[in-house]
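> Below is one structure. I have some questions about it.
The values are calculated or read from the model by the stated rules, or taken from the named source; none is laboratory data. The structure presented is a predicted model; accordingly, all values stated were derived computationally and were not measured. Cβ sites come from the backbone with ideal geometry, for glycine too, and all protein chains shown count toward neighbours.
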Amino acid sequence: MTKIRFTKMHGAGNDYIYVNAMQYPIDDPAKASILWSDRHKGIGSDGLVLIDKSPVPEADFSMRIFNADGSEAMMCGNASRCIGKYLYERGLTDKTEIRLLTLSGVKILNLHVSEGCVDSVTVDMLEPKLEDETQFLVHHGMDKGTFVSMGNPHYVIFTDNVDQVGETGRILEHHPAFPQRCNIEFATPLSSPEGDTKASPRGGMEGVSIRTRVWERGSGITQACGTGACATAVAAALTGKAGRTSQIVMDGGTLTIEWRESDNHVYMTGPAEFVFDGEIFY
């Protein structure tokens with residue numbers, strides 16, 4: 001057996017186990033994620049994240065992420081912010097702009113540093129994909145939500161009952177409309193602080209807070225989901241419930257999402273925190 005050093009981190013409560021794969025390669029990360037993510041018999045997490053060198057010159061480092069059920073995810077916004085903090089504060093880079101290779105492309109991490117510590121990270125999540133799946137979803141009786149891909153699939157439902165996430169989310173993840181399964185968001189716009197909003201050209205309001213709960217594909221209910229926050233903000237702008245900037249209020253914290261008109265990219269800003277370091281046999 002091999003002793004593996006790991007770091008537990010979270011972004012707005014979305015917690016993962018992080019391993020420096022440059023030092024500790026793991027030959028079966030899916031199996032490791034299932035065992036270690038167990039909150040009763042393992043370390044406890046939403047999944048496992050491997051940080052490695054990039055195999056291509058377009059990126060500085062790479063990320064692989066495995067959900068608690070062992071399935072590999074395309075991307076995770078919260079995990080990418082944590083990686084930025086990890087790389088900088090653990091001395092693996094002195095860059096405050098990091099190019100991170102994921103299965104959904106190269107993401108740019110901009111670190112906001114104060115006195116040697118990363119206070120928050122802004123991630124360029126690139127352009128949302130808004131494939132016209134209307135007819136397909138209508139055929140399956142799924143026309144009440146908005147489908148948005150942020151490199152992984154999301155289905156956003158605006159409702160007054162966001163707490164149906166456990167009951168309904170579990171069902172919709174495996175709905176026939178989503179042959180590769182789907183992340184499901186339940187969201188409702190909240191009243192914004194007075195003076196904190198302005199009219200948006202799309203007909204919504206800038207600065208709107210949106211309460212969101214997430215059923216994450218492969219992990220179930222999570223405290224937060226970065227790509228889910230982005231998908232929710234895009235869906236809110238598309239449906240006139242918000243402008244191009246909104247605060248996504250999730251169970252574990254709040255993320256600021258901006259869908260810029262200048263490049264059509266979605267930018268996510270939020271915290272990243274260390275929880276503890278440890279060792280485990282593998």
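> Filtering the range 40-71 down to residues that are exposed (fewer than 15 other Cβ atoms within 10 Å of the Cβ) and among the acidic types (Asp, Glu), which residue is farthest from the chain's Cα centre (by Cα)?
Step by step, filter the range 40-71, then rank; the result is Glu58.
> Sticking with this one: How many of the residues making up the range 110-132 are of a type in the set (A, V, I, L, M), out of contact with any Gly (no Cβ under 7 Å at 6 or more places or on another chain) and assigned to a strand (DSSP E or B)?
At the first step, the residues of the range 110-132 found to be of a type in the set (A, V, I, L, M) are 111, 113, 118, 121, 123, 125-126, 130.
Retained after the next criterion (residues that are out of contact with any Gly (no Cβ under 7 Å at 6 or more places or on another chain)): 113, 130.
Imposing the further condition that a residue be assigned to a strand (DSSP E or B) reduces the set to 113.
The total comes to 1.
> Being surrounded by 15 or more Cβ atoms within 10 Å (Cβ to Cβ) and at pLDDT below 95 is the filter here; which residues of the range 272-282 pass it?
Selection gives Tyr282 alone.
A quick yes/no check of all residues on (1) in contact (Cβ under 8 Å) with a residue 40 or more places away in the chain; (2) farther than 24 Å from Gly253 by Cα; (3) of a type in the set (Lys, Arg):
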{"site": "Thr2", "(1), (2), (3)": "yes, yes, no"}
{"site": "Lys8", "(1), (2), (3)": "yes, no, yes"}
{"site": "Tyr18", "(1), (2), (3)": "yes, no, no"}
{"site": "Ile26", "(1), (2), (3)": "yes, yes, no"}
{"site": "Ser45", "(1), (2), (3)": "no, no, no"}
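> While we're looking at this one, here's another question. Considering only the range 76-96, how many residues are surrounded by fewer than 23 Cβ atoms within 10 Å (Cβ to Cβ) and either among the hydroxyl-bearing types (Ser, Thr, Tyr) or in contact with a Leu (Cβ under 7 Å, 6 or more places away or on another chain) (or both)?
From the range 76-96, those surrounded by fewer than 23 Cβ atoms within 10 Å (Cβ to Cβ) are 86-96; that's our starting set.
Going one step further and asking which of them are either among the hydroxyl-bearing types (Ser, Thr, Tyr) or in contact with a Leu (Cβ under 7 Å, 6 or more places away or on another chain) (or both), we end up with 86, 88, 93, 96.
Qualifying residue count, the range 76-96: 4.
> Let me ask something additional. Would you pick out the residues in the range 81-115 that are farther than 17 Å from Glu58 by Cα and either among the β-branched types (Val, Ile, Thr) or at pLDDT below 95 (or both)? Show your work before the answer.
First pass over the range 81-115, keeping only residues farther than 17 Å from Glu58 by Cα: 81-83, 85-92, 94, 111-115.
Once the filter is applied, which keeps residues that are farther than 17 Å from Glu58 by Cα and either among the β-branched types (Val, Ile, Thr) or at pLDDT below 95 (or both), the range 81-115 yields Ile83, Val113.
> Among all residue pairs at least 6 apart or on different chains, which show Cβ distances below 7 Å where the first residue, located in the range 173-191, is within 16 Å of Ala242 (Cα to Cα) and the second is in a loop (DSSP other than H, G, I, E, B)?
Final answer for the pair search is Phe186/Thr159; Thr188/Thr159; Thr188/Asp160; Pro189/Lys241; Pro189/Ala242.
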